[in-house]
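A.B. asks: First the structure, which I've put down as C-alpha cells, then a few questions once you've had a look.
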DNA sequence: CCACAGGACGGCT
DNA sequence: AGCCGTCCTGTG
C-alpha cells in the first residue's frame, strides 16, 4: 500500500483521513483526560472528537496505529506531528523518571500513555484563566460556550463545531457578553487579557527567549494569570517543559508522598526544580493524573 | 438551605 | 515575604 514518510513515521492517506504507524507511548484516555485539554470528548467506540485550530477531527488508536479522521498528510506536517508531540521519546523520559523513586514508577505505570499536547498558546492561556478556582466540567462548559458564541462555525461528519475565538474577537466583547458563557468573576480577566494581548502590551516572543522564571513573570503580568496558570500555559503550549504547575492535587500528592507533611508552594517548586530538573513538567503530569484519578491525599 | 471545591488578587501584617 | 477573605458556579 502507498504511504508517505515524515520524520520517521509512515503515514497512509485514506478516504477523509490518515493513519500514522508505530506511535509509541500513547493512550488516548491518559492524554485527553489528564487535565491538560478541554475540547476533546470521548465517543462510545473509544475514539475522541475534538477541535484543534480550524479543524474538527476524530482520533482513534488501534494498537500503535493512530487514525485521524478529517486530516491530510499536509495537516500531519503542519499540525498533528507537533500537536501530539510525536518527535519526543517518551520511553526515555519514563526511564529516567522511573529511576527516581517508587512514587514515580507507580505514577508512570498508571499514566504510561500520557503525551503532553502542544496546544495553541491563546486557547491554552484563556482556558487556564478559566480554570482558576474552577472544576474541569465547568471549564469545559465555559470553553465550549465561548467557542459557540464567539468562534467560527465548522462542519464535521454532519455536525457543527466551533473554533476557539480569536484574540480580536474576545478583546472587542464586553464583559457582560462574556458572562453568559459561565466564566463568572474570570470574565473580566479574559477581557483585560485579550485587550492587552491585542494591543501588544505584552511581548509574547519573550516567552521563547527567557528561561522558565522569566517566562513565568512575563505571563503573570496578564490579569488572571498567577503561578499555576502561567506554568500550565507554558507547559501545555509546548514553550517550557521544566515548569511544575502546582494545583491542589499536585500539592496533595507532593505532601502525602514526598514531604510527609504540609509544604508551601515555594517549597514544592524548589523541590521539583532540584529533583526533576528539566523533566519537571512531565513528572508533574504523571503525578497529577495519578493523584486525581486515585484521589491521593483526600483522606 | 448550607457546605464544599477550586487559584488569583488585594489588603493586611 | 506570608496569610487570609473574597470572587462564581455547580454538586452533594
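A.B. asks: Bin width 10 Å, alpha-carbon pairs only: give the P(r) of region A:147-197 as whole percents, running from 0 to the bin holding the largest distance.
C.D. replies: 26, 49, 20, 5
A.B. asks: Assuming R0 = 25 Å, what is the FRET efficiency of residue A:176 and residue A:152, from their Cβ-Cβ distance, to the nearest 0.05?
C.D. replies: Computed FRET efficiency for residue A:176 and residue A:152 comes out at 0.65.
A.B. asks: Find the percent of Cα-Cα distances in chain A that exceed 36 Å, and round it to a whole number.
C.D. replies: For chain A, the fraction of Cα-Cα distances above 36 Å is 16 percent.
A.B. asks: Also, I was wondering about something else. Under the Kirkwood approximation applied to all pairs of distinct alpha-carbon atoms, what is the hydrodynamic radius of region A:33-146 in Å?
C.D. replies: When all Cα pairs of region A:33-146 are included, the Kirkwood radius is 15.9 Å.
A.B. asks: How high is the relative contact order of region A:1-102, given as a whole-number percent (alpha carbon pairs under 8 Å, six or more residues apart)?
C.D. replies: 25
A.B. asks: 7 Å from Cα along Cα→Cβ at both residue A:3 and residue A:98: what's the point-to-point distance in nm?
C.D. replies: Spacing of the two 7 Å Cα→Cβ label points: 2.6 nm.
A.B. asks: Here's a follow-up. With a/c under 1.5 counting as rounded, go ahead and sort region A:254-299 into rounded, prolate or oblate using the C-alpha gyration tensor (a ≥ b ≥ c being the square roots of the eigenvalues; past the cut-off, prolate if a/b is larger than b/c, else oblate).
C.D. replies: It comes out oblate by the Cα gyration axes.
A.B. asks: Right, here's the next one. Rounded, prolate or oblate: which fits region A:27-78 when a ≥ b ≥ c are the square roots of the eigenvalues of the alpha-carbon gyration tensor, with rounded for a/c under 1.5 and prolate only if a/b beats b/c?
C.D. replies: oblate
A.B. asks: Hey, another quick one. Under the rule a/c < 1.5 gives rounded, and otherwise a/b versus b/c splits prolate from oblate, where does region A:96-234 land using the Cα gyration tensor?
C.D. replies: Judged from the Cα gyration tensor, region A:96-234 comes out oblate (a/c at least 1.5, b/c at or above a/b).
A.B. asks: Label residue A:64 and residue A:21 with points 7 Å out from Cα along Cα→Cβ: what is the distance between them in nm?
C.D. replies: In this crude label model, residue A:64 to residue A:21 measures out at 1.0 nm.
A.B. asks: Based on the Cβ-Cβ distance of residue A:160 and residue A:43, what FRET efficiency does E = 1/(1 + (r/R0)^6) give at R0 = 22 Å, to the nearest 0.05?
C.D. replies: About 0.85, to the nearest 0.05.
A.B. asks: Right, here's the next one. Points 7 angstrom from Cα along the Cβ direction at residue A:134 and residue A:202: gap in nanometres?
C.D. replies: Computed distance between label sites residue A:134 and residue A:202 equals 1.5 nm.
A.B. asks: Using a 10 angstrom cutoff on alpha carbons, build the Gaussian network for chain A and name the most mobile of A:277, A:44, A:177.
C.D. replies: Residue with maximal mean-square fluctuation among A:277, A:44, A:177: A:44.
A.B. asks: Pairs of alpha-carbon atoms within less than 8 angstrom and 6+ residues apart define the contacts here; what relative contact order does region A:209-275 have, in percent?
C.D. replies: 23
A.B. asks: Over chain A, calculate the relative contact order: mean separation of alpha carbon pairs under 8 Å at least 6 apart, over the residue count, as a percent.
C.D. replies: 17
A.B. asks: Whole Å is fine, so just give me how far the alpha carbon centre of region A:169-215 lies from that of region A:259-298.
C.D. replies: 28
A.B. asks: Could you tell me how many cubic angstrom of Cα convex hull volume region A:187-299 has per residue?
C.D. replies: With only Cα atoms used, region A:187-299 gives 109 Å³ per residue.
A.B. asks: For chain A, what does -39500 (n - 2.57) per DSSP helix run (n ≥ 4), summed and divided by total residues, give at 222 nm, in deg cm²/dmol to the nearest 500?
C.D. replies: One gets -12000 deg cm²/dmol as the mean residue ellipticity at 222 nm.
A.B. asks: In whole Å, how far is the Cα centre of region A:31-80 from that of region A:91-144?
C.D. replies: If we compute the Cα centre of each part, the gap is 16 Å.
A.B. asks: To continue, here is another question. Provide the packing ranking of A:239-247, A:66-74, A:208-216, A:1-9, i.e. peptides ordered by the mean count of other C-beta atoms within 10 Å per residue, highest first.
C.D. replies: Going by the mean number of other Cβ atoms within 10 Å, highest first, we get A:239-247, A:66-74, A:208-216, A:1-9.
Readers should treat all values here as calculations from the given coordinates under stated rules, not as data from a laboratory. Nothing here was measured: the structure is a model prediction, and the numbers come from that model. Counting neighbours? That spans all protein chains shown, and the Cβs are built from the backbone with ideal geometry, glycine included.
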